[in-house]
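First comes the structure, then the notes that go with it.
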Amino acid sequence: MNAFSGETIRKKLLHECDVHTLLRLPTGLFYAQGVKANVIFFERKPASETP
């Protein structure tokens, strides 16, 4: 997955779901140095009009 794919997925989730938490984890935490990891918590319902 390239950076463009990740950006597309994030935009889709923010548009279609109620995303309430984004965690950026330290690089290399799960696999190896240089591998980035994020955890996204969301509910599959329409995003609210206001934050």
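The values are calculated or read from the model by the stated rules, or taken from the named source; none is laboratory data. Just so we're clear, the structure is a prediction, and the values are computed from it rather than from any experiment. Cβ coordinates were reconstructed from backbone atoms using ideal geometry, including for glycine residues, and neighbour counts include every protein chain displayed.
In region 30-47, the residue that is surrounded by the most Cβ atoms within 10 Å (Cβ to Cβ) out of those that are within 19 Å of residue 10 (Cβ to Cβ) and over 14 Å from the mean Cα position of the chain (by Cα) is 47.
Hey, does region 4-18 have a residue that's among the hydroxyl-bearing types (Ser, Thr, Tyr) and at pLDDT 85 or above? Scanning region 4-18, I find at least one residue that is among the hydroxyl-bearing types (Ser, Thr, Tyr) and at pLDDT 85 or above, so the answer is yes.
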